[in-house]
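The values are calculated or read from the model by the stated rules, or taken from the named source; none is laboratory data. Given the structure is predicted, the values throughout are model-derived calculations rather than measurements. Cβ sites come from the backbone with ideal geometry, for glycine too, and all protein chains shown count toward neighbours. Accessible surface areas use protein heavy atoms only, side chains included; no ligands, DNA or RNA. Shrake-Rupley method; radii C 1.70, N 1.55, O 1.52, S 1.80 Å.
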Amino acid sequence: MKQTFEPVSVIAEDLENAEANASSNPKMDDIIRHRLSRRDLMSAALAVSAVSLTASPAALLAAATDTGATPSFDFPELAAGYDEKHHVAEGYDADILIRWGDPVLADAPAFESGKPDPQAQQLQFGYNNDFLGYLPLDESSEHGLLVVNHEYVDPEIMYEGVPADARTQAAWDAINRDQVDAEIMAHGGSVLEVRKQQGKWSVVPGSRYARRITGETQMRISGPAAGHARMKTSADPTGTRVHGMLNNCAGAMTPWGTWLTCEENFNYYFWGKGQFDKAKDPAALKRYGIPAEVYKWAKFHDRFDITKEPNEANRFGWVVEIDPMDPTSTPVKRTALGRFKHEGAGNVINRDGRFVVYQGDDQRFDYVYRFVTKASVDLANPAANKDILDEGTLYVARFDADGTGVWLPLEHGTGPLTQASGFNDQGDVVIHARMAADLLGATRMDRPEDIEASPKIGKVYVMLTNNDKRTQENADAANPRAENRFGHIIEITPDDGDHAAPTFRWEILVRCGDPAKADVGATFNPLTTENGWFGMPDNCAFDSLGRLWIATDGNAPAKTGRTDGLWAMETAGKARGTSKLFFRVPIGAELCGPVFTPDAETLFVAVQHPGEGSRDTPSTFADPTTRWPDFQPGTPPRPSVVAITRRGGGKIGA
Ligand code: FEO
Ligand code: CA
Ligand code: CA
C-alpha cells in the first residue's frame, strides 16, 4: 500500500538515514576487494551459511583479550517483547522520576494535556529526553544534579488536532504561533536536583539549581568560528551570540563538572527549499542537508528561513558546554570541536593530562571524529578548565583494512585544507568540518552514534546504528555488511594506550541483529540468548565496575520482534560479545541516556517518544492503538526519565 502518512517522526527518520556525503572517499577499491575476500572467509555479510555463522563468533573469541578483571552481570535476563509498558529485570524497580510537562522551575504550572502553551512549557520539563548526566552533590550517589537533553518534538503526539501528515500545505497553514513557540520551548535541556530517600528518587521542588534551557536561551559562541564572517546575522553582527541549542541528542559530563550537550539534526529547523538556488553557499547547505523543512518555525521566525538569514544555520550543529551548578551561567558553543550532526561527546583524560573527546556524526556515510585539547586538565582547580575546549586539534578517523587506523587532523594549512579548496582559516574548517573531512579521505561509516572510552581498560567503543544503503560495492573493512539494517559495534584500541596517538587498532566487537537468521550475519557470542540480541545500537555507558551497557533506537515488533531497551554487554574473556537484556521500553519509544550513579546502585534512563508512530502504526494524539504506561484516553504519551534500583539495595547487575 502506498505510504502517504508522514508525521514528523517518519520524516525525521528518513532524513537521518539520508546520505549527505556525496564525496567519493575512500576509494580504496583494492583494499576493499582484499578485505571482501577476507571477510567472505570469516563470515559473509549476506547468504552466510550456518557453518560460517558458528565460525564467526569463534574468530571473535580467538581475538578476545581476557582481562579477567571485569565481573559478569548477575541479573536474571528480561524476556524481549513488546507492549505498552516498560519492563525491568526481576528484582529491580523502574520508577518514573519526571515526565514531559512536569514542573521544573518553582513557578511552573502543572501539566495540562492537549494545548500548546509556550509560557508554561518554558518552565516545565521539555519533550523527548535523550542524554542524562548525573553530577553528585557533596560526592553523593543519593543526591545530585541530573541534566537532561530535550532533543526534538513530536507535535502530532503532543497536541490535539495537529495534522498527522507534517509535510503538507495544510500542516503549514494549520500551525499557529503558540504551537511553534511551545515547540521551541520544549527543546533544549533541563537541570534537576534529585534525591534518594527511603530508596526512592524524586525531584527536589523549588531547587536553586533548577533550570530550563530552550531554543531561545542566550548562548555564547567560542573557539575558531567565534566572530567569523559565516557566523554573523542581522540579529548578531558580532557572530558571537546565538539564541538556543537545537536537537541536542547525547552528550557527556566532563571531569571538571560541566555538561557537554550535542546538537544533532539541526537541519530540521530550517526552511527555504524553494529558494535553494538563490542560497549563499549551496554546496555546504547540501552537505549538511539544509534546509530540511521538518519544523515550521520559519512561519513566525525569520531566522529559520535560510533565504532571509543565510548564516543562522551555521550557528547550530555544535557541542555546547554548560555549567549546571550555576543556573545563571551562559551556555557556550565550543566550535573547536567541529560542526556536524553530533551524537555524543564520550571523553577521557589522556595519560599526558590532555582531554580527549570522541564524537560521532550521525548520518549515513558520515564520520568518526576525535578532539584533543592543547592544554592539560587541572582537576585540582576546575575553574582552570573553563576554556580548555577552545584550543586543540580536531581529527577524523580513517579505518584501514588491516585493522589499523589513522587520525587525520582537520588543521587549516595542513594537507588539502587551504584557500585553494575553499578553507580560508580554521573557522571555515570547523564550520564546514564535514567537507574538510571529505578532503582528508576519512572512512564513510554506518551512522556513528555514541562513542565511549572504557575507564578501566582504555578501549573505545563506537556504536554504528545501521545503514541499509551500504552496498557490497562500497562495503569496507569497518563497515563490512551490505544493507546493514541492524548496525555493529567497533572497538578501538589506542596505540600504546595513548588516546592522543596518531594511529590506532580496531576490530568489530559484534555485528548486530538476530543471530538465528543466517542472512542477517550477526556475530553475537553464542552464549547470547534469544532475548539477548539487539539491533540498532545507539547510546552506551560504562558503570563504575567498568562494564558496558548499550541502549538501542529502532527495534520494533515488525523489525526485530522487540522494543528498544538496555542490554549489558561483555567485552572481555570467553563471554566477550555476549549481551543480555535488562530493561525495555513501551512500543514506539527509544531508550536513551543510560547513566549510573558512582556507587552503581542507581541507573537513570530516558524513555524517549513512547507511542511514536511509524509507517506501519501511525500515532496521533490519544490514538488507542499506541499506548504507554499511564495511558488514559484523551492524554498524550509522555517521554520520561526512569530511575532503576535494586529491590532491597545493591549494585545494578552485580
Ligand atoms: Fe539522536 Fe543519533 O540519535
Ligand atoms: Ca541517539
Ligand atoms: Ca538515534
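Okay, here's what the table says:
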read-out: Residues of region 437-466 that turn out to be in contact with a strand residue (DSSP E or B) (Cβ under 8 Å, 6 or more places away or on another chain), over 28 Å from G413 (Cα atoms) and of a type in the set (A, V, I, L, M), as a count; value: 6
read-out: Meets criteria (away from ligand 3 (no atom under 16 Å from the Cβ), within 22 Å of the chain's Cα centre (by Cα) and charged (D, E, K, R)) for R212; value: yes
read-out: Residue match in region 138-145 (condition: buried (at least 21 other Cβ atoms within 10 Å of the Cβ) and either at pLDDT 95 or above or polar (S, T, N, Q) (or both)); value: yes
read-out: Filter result (among the aromatic types (F, W, Y) and in contact with a strand residue (DSSP E or B) (Cβ under 6 Å, 6 or more places away or on another chain)) within region 467-509; value: F504, W506
read-out: Some residue of region 250-271 being open to solvent by 10 Å² or more (accessible area, probe 1.4 Å) and more than 29 Å from C540 (Cβ to Cβ); value: yes
read-out: Boolean, H150 is within 21 Å of C540 (Cα to Cα) and within 16 Å of ligand 1 (Cβ to nearest atom); value: yes
read-out: Close pairs (7 angstrom Cβ cut-off, 6 or more residues apart or separate chains): within 17 Å of R547 (Cβ to Cβ) in region 586-598, open to solvent by 10 Å² or more (accessible area, probe 1.4 Å) and polar (S, T, N, Q) anywhere; value: F596/S544; T597/S141; P598/S141; P598/S544
read-out: N525 in contact with a Gly (Cβ under 7 Å, 6 or more places away or on another chain), within 16 Å of ligand 2 (Cβ to nearest atom) and not hydrophobic (A, V, I, L, M, F, W, C); value: no
read-out: Total residues in region 315-334, condition more than 19 Å from Y369 (Cα to Cα) and either part of a strand (DSSP E or B) or touching a residue at least 40 places away in the same chain (Cβ under 8 Å) (or both); value: 9
read-out: Residue count, region 257-272 (criterion: more than 16 Å from ligand 2 (Cβ to nearest atom) and either of a type in the set (A, V, I, L, M) or in a strand (DSSP E or B) (or both)); value: 2
read-out: Residue check, T330 open to solvent by 10 Å² or more (accessible area, probe 1.4 Å), within 18 Å of M219 (Cα to Cα) and modelled with pLDDT of 95 or more; value: yes
read-out: Selected residue (criterion: farthest from T465 (Cα to Cα)) from residues of region 525-540 that are open to solvent by less than 10 Å² (accessible area, probe 1.4 Å) and more than 16 Å from ligand 3 (Cβ to nearest atom); value: N525
read-out: Selection status of E193, surrounded by fewer than 22 Cβ atoms within 10 Å (Cβ to Cβ), modelled with pLDDT of 95 or more and under 30 Å from D14 (Cβ atoms); value: no
read-out: Some residue of region 107-129 being at negative phi, within 16 Å of ligand 3 (Cβ to nearest atom) and outside any loop (DSSP other than H, G, I, E, B); value: yes
read-out: Among (1) at pLDDT 75 or above; (2) outside any strand (DSSP E or B); (3) open to solvent by 60 Å² or more (accessible area, probe 1.4 Å) - the single one F73 does not satisfy; value: (3)
read-out: Region 468-488: number of residues that are within 16 Å of ligand 3 (Cβ to nearest atom) and either surrounded by fewer than 24 Cβ atoms within 10 Å (Cβ to Cβ) or of a type in the set (S, T, Y) (or both); value: 2
read-out: Answer from V510, V462, V429 - the residue that is among the β-branched types (V, I, T), surrounded by 23 or more Cβ atoms within 10 Å (Cβ to Cβ) and either closer than 21 Å to T560 by Cα or at pLDDT below 95 (or both); value: V510
read-out: Unmet requirement for R339, which otherwise passes all of (1) closer than 16 Å to C249 by Cα; (2) assigned to a strand (DSSP E or B); value: (2)
read-out: Condition met for Q359 (open to solvent by less than 30 Å² (accessible area, probe 1.4 Å), within 16 Å of ligand 1 (Cβ to nearest atom) and touching a Phe, Trp or Tyr at 6+ places or on another chain (Cβ under 7 Å)); value: yes
read-out: Check on W533, aromatic (F, W, Y), more than 16 Å from ligand 1 (Cβ to nearest atom) and assigned to a loop (DSSP other than H, G, I, E, B); value: yes
read-out: Sole exception among (1) under 20 Å from E216 (Cα atoms); (2) touching a His at 6+ places or on another chain (Cβ under 6 Å) for L137, by number; value: (1)
read-out: Output for region 376-420, where each listed residue is small (G, A, S) and open to solvent by 50 Å² or more (accessible area, probe 1.4 Å); value: S376, A380, A383, A384, G413, G415, A420
read-out: Filter result for D495 (surrounded by fewer than 17 Cβ atoms within 10 Å (Cβ to Cβ), charged (D, E, K, R) and within 29 Å of V372 (Cα to Cα)); value: yes
read-out: Qualifying residue in region 170-185 (condition: open to solvent by less than 50 Å² (accessible area, probe 1.4 Å), closer than 24 Å to E321 by Cβ and modelled with pLDDT of 95 or more); value: yes
read-out: Positions within region 567-589 being open to solvent by less than 10 Å² (accessible area, probe 1.4 Å) and within 16 Å of ligand 1 (Cβ to nearest atom), in sequence order; value: V585, A589
read-out: Qualifying residue in region 338-349 (condition: within 16 Å of ligand 2 (Cβ to nearest atom) and touching a Pro at 6+ places or on another chain (Cβ under 7 Å)); value: yes
read-out: The listed residue being more than 16 Å from ligand 1 (Cβ to nearest atom), modelled with pLDDT under 95 and outside any loop (DSSP other than H, G, I, E, B), out of A383, A397, A420, A436; value: A383
read-out: Subset of region 543-560 (residues that are more than 17 Å from E612 (Cα to Cα) and surrounded by fewer than 20 Cβ atoms within 10 Å (Cβ to Cβ)); value: S544, L545, G546
